[in-house]
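Accompanying notes for the structure given below.
The values are calculated or read from the model by the stated rules, or taken from the named source; none is laboratory data. Note that the structure is a prediction, hence the values are computed from the model and not measured. Backbone-built Cβ (ideal geometry, glycine too); neighbour counts: all protein chains shown.
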């Protein structure tokens, strides 16, 4: 039962990434390009996620235990050591190839968004970020 719940949570998270546009490379590049064609929409997505997380932690951690586990598994260590820095660095390096694991290239996000499909279904087609260069 636990594996099904974990699968459902991961699926909801993945669909949320697609709906928000966070798997669209052009949208992410536009967000990071603060001196050019900056697109602040991902900042609103991140702010919403932070708000949900803060509220969720406050609500859930007052319970004596989780619904589907024997207890909460929260980190106890607070110091920053070499293992933490190395792990964060490896995650940063591997996050770019991990984008290929998203189903954006093989399943376009437009069915979940309002409006019509894009004129060019090719994910590498000209986007706002590409057109400004």
Inset, instruction - Inspect region 46-67 for any residue being touching a helix residue (DSSP H, G or I) at 6+ places or on another chain (Cβ under 8 Å) and closer than 23 Å to residue 1 by Cα and give the result as yes or no. - result: yes
Legend entry - Every residue from region 1-11 that is without any contact (Cβ under 8 Å) to a residue 60 or more places away in the chain and loosely packed, with under 10 Cβ neighbours inside 10 Å: 3, 4
Inset, instruction - Please go through region 1-16 and pick out each residue that is at pLDDT below 85 and either under 13 Å from the mean Cα position of the chain (by Cα) or not in a helix (DSSP H, G or I) (or both). - result: 1
Legend entry - Residue list for region 17-45, restricted to those being assigned to a helix (DSSP H, G or I) and touching a helix residue (DSSP H, G or I) at 6+ places or on another chain (Cβ under 6 Å): 19, 20, 26, 29, 30, 31, 42, 45
Inset, instruction - Look at region 66-98 and say how many of its residues are at pLDDT 90 or above and exposed (fewer than 10 other Cβ atoms within 10 Å of the Cβ). - result: 5
